[in-house]
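Scroll down for the structure; my scribbles are underneath it.
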Amino acid sequence: MTGRMQEFLESGVISAERMRAIEQNAIALGHSSLRMMESAGQALANVILSYNPSRVLILCGKGNNGGDGMVAARYLQHLDAVDVIYPDGGGPMTPETTVQASLLKHCSVTLHPIRCAADIEPLSRLFDAAEIIVDAMLGTGASGAAREPLATLVSRANASAAPIVAVDIPTPGTRAARIVSFHRPKLEGADVVDIGIPLDAEIYTGPGDLVFLPARAPGAHKGAGGEVLVIGGGPYQGAPYIAAMGALRAGADIVRIASPAYIPMPDLIYERLEGDVITKDHLETILRLVERADVVICGMGLGRASHDVVLAVAEAAEKAVFDADALVHPLPVAKETIYTPHAGEFARMTGVEPAADLVARARSVKAAATAGTILLKGPVDVVSDGKRVRFNRTGTAAMTTGGTGDLLAGVAGALFCHLPAFEAACIAAYASGRAGMRAAEERGCGMLATDVLDFIPRELFGRRAPE
C-alpha cells in the first residue's frame, strides 16, 4: 500500500511552516531530528565535494541550518582545510546544533567562534583563501535583514571570489551561486537532495500539523478566538449542541446556536427559532446571525425539510462547514467550504460509493472536491481540496457512537476561523481522533461523544509541536 500512496505526495516549493510540520511528523514516527540533520549534512558535503575543493569555509548559525553545515564539515574533514565560523553568545544553539558543535571539537576542522562583527576582521584570510563558501547561517529561519555578526559574514562572503552554496534558503543579502534544499525546494531553482523522511510523515496528519495553529496574543480581547454560528436541530435535538461544544473546546470564543430545540447549556448563546423545524420563516433571524459569524456550521440534526434554508445560508456565508442533513443536492457552497461526510453521505453528495481500497477512495475524494474541502470520515479519514490529499489514522472503533461526527464538525469550524479550509480539516480530523482515543482509554466502547470534549483542548493546545 505504501508504494501506491506515492501519488499523494505534493511537489514543488514548500513553505517553511509545512516543512517544519513534516519534520515534526517524522520525529513522531521515530525518525529523529539528529538523524535528519546527519542525512542533510552528508548530502550537503557531497554537493561541496562535487566542486573538488581543497579549502572550504562554512558559515553557521545557531539553528538547525547551522547544524547541517557542521555535519557537512565532519564529512569534509579529509580536505586540506575546513574552517567553521559560528556565533558564540547572544542566545543558545538548538540542542541538535549543540551536539554537532561538540562533535566538531574532535574532528580535523578549525572552529572560529565569534561574538561580534569586530571578531570577523582577523578571519579575513579565510574568505580570501576559500575555494567554496557554505552559507548555513539562517536557512528557513531567515526573517528580514541579517543582524550582526551575521551581516558582516554576509558582506565578507559576497566580497570573496569563491562561489557560495546556500543551505535551504540564502541568508538575506547573500549572493548564492547554488541553493541546496532538503526533501523539497524552499525556493524556485534550488537543487533538492533526499534526507530519508518517511512517506507517512507527509501524507498522514500528525502532531507536526499543529504548527499551523496560531498562537493567541497575550493581550487578546474577547472574540479573538473567533465567533461560530451553529444551525441545526429540530428533528434531532442533541447534534447541534455537541458540534457547538466542540467548537468551544477547539478555541472559539463565542458560539451561538440557532435551533428550534433548546438544551440549557450556559456556555452557549441560544438563538431561539420558533416551531419544530427550521424553515424560510426563520431566514431573517438566521441571516442576521450569519453576517456576524466568522464561520457557520450547518446540518446537524436538521432533517431534510430545511434545505432551502441551508442553500440561503451558504450563499450568505463567508466560511461554512456543512455536515449531515446539509449534504444533499443541490450541494450548498459558501465562499469557502468544508464538507464532513461519512461514507453514506459522500455517496449521497457525489453519486459515488467510496471504495474500500484507500488509494481509490482518496482519488474519488480528490475528484469530488470541486466546491470546497472534503473530509471523508472513516477508519482512515481522507481530506482533499481537489489538489492535495491528506490521510488521518487517529481515532478508535469506539468513535462509532453517535455524535462524534458532529463534534468533528464543530472542531473544524473553530479552526476554520483562523486557518485555511484544508489545514483546518486536517487538524480537526487529527485532534478529534486523538481525543477519541484518550476518551476510549477510560470509557472503552461505552464512550460518549461528550466524553471526548474534555480531551480536545489537550490534543490541540497541550501537544503542540515545537516551534
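Worth a mention:
- Answer from Lys335, Lys377 - the residue that is open to solvent by 40 Å² or more (accessible area, probe 1.4 Å) and at pLDDT 95 or above: Lys335
- Unique residue being in contact with a strand residue (DSSP E or B) (Cβ under 8 Å, 6 or more places away or on another chain), more than 20 Å from Ala166 (Cα to Cα) and open to solvent by 40 Å² or more (accessible area, probe 1.4 Å) when the list is Ser102, Ser108: Ser108
- Test result for Pro218, part of a loop (DSSP other than H, G, I, E, B), open to solvent by 30 Å² or more (accessible area, probe 1.4 Å) and modelled with pLDDT of 95 or more: no
- Residue count, the range 237-255 (criterion: farther than 11 Å from Glu227 by Cα, open to solvent by 20 Å² or more (accessible area, probe 1.4 Å) and outside any helix (DSSP H, G or I)): 2
- Residue in the range 302-320 that is under 24 Å from the mean Cα position of the chain (by Cα), within 30 Å of Pro354 (Cα to Cα), in a strand (DSSP E or B) and not aromatic (Phe, Trp, Tyr) present: yes
Conditions (1) more than 12 Å from Lys377 (Cβ to Cβ); (2) crowded, with 24+ Cβ neighbours inside 10 Å, marked per residue:
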residue: Arg390; (1), (2): yes, yes
residue: Thr404; (1), (2): no, yes
residue: Leu407; (1), (2): no, yes
residue: Phe416; (1), (2): yes, yes
residue: Phe422; (1), (2): yes, no
residue: Ile427; (1), (2): yes, yes
residue: Tyr430; (1), (2): yes, yes
residue: Ala435; (1), (2): yes, yes
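- Matching residues, the range 182-215, being under 30 Å from Ser50 (Cβ atoms), touching a residue at least 24 places away in the same chain (Cβ under 8 Å) and not in a loop (DSSP other than H, G, I, E, B): Phe182, Asp191, Val193, Ala201, Glu202
- For the range 351-370, filtering for residues that are within 23 Å of Thr205 (Cβ to Cβ) and open to solvent by 40 Å² or more (accessible area, probe 1.4 Å) leaves 6.
- Of all positions in the range 392-410, at least one carries a residue that is more than 24 Å from Val290 (Cβ to Cβ) and in contact with a strand residue (DSSP E or B) (Cβ under 7 Å, 6 or more places away or on another chain).
- Gln6 being of a type outside the set (A, V, I, L, M, F, W, C), in contact with a Phe, Trp or Tyr (Cβ under 8 Å, 6 or more places away or on another chain) and open to solvent by 30 Å² or more (accessible area, probe 1.4 Å): no
- Candidate set: the range 22-73, residues that are among the polar types (S, T, N, Q) and open to solvent by less than 20 Å² (accessible area, probe 1.4 Å); chosen: the one nearest to the chain's Cα centre (by Cα): Asn25
The values are calculated or read from the model by the stated rules, or taken from the named source; none is laboratory data. Everything quoted here is computed from the prediction, not taken from an experiment. Cβ atoms come from the backbone with ideal geometry, glycine included; neighbour counts cover every protein chain shown. To get the accessible areas, we keep the full protein, side chains included, count just its heavy atoms, and leave off ligands, DNA and RNA. Shrake-Rupley method; radii C 1.70, N 1.55, O 1.52, S 1.80 Å.
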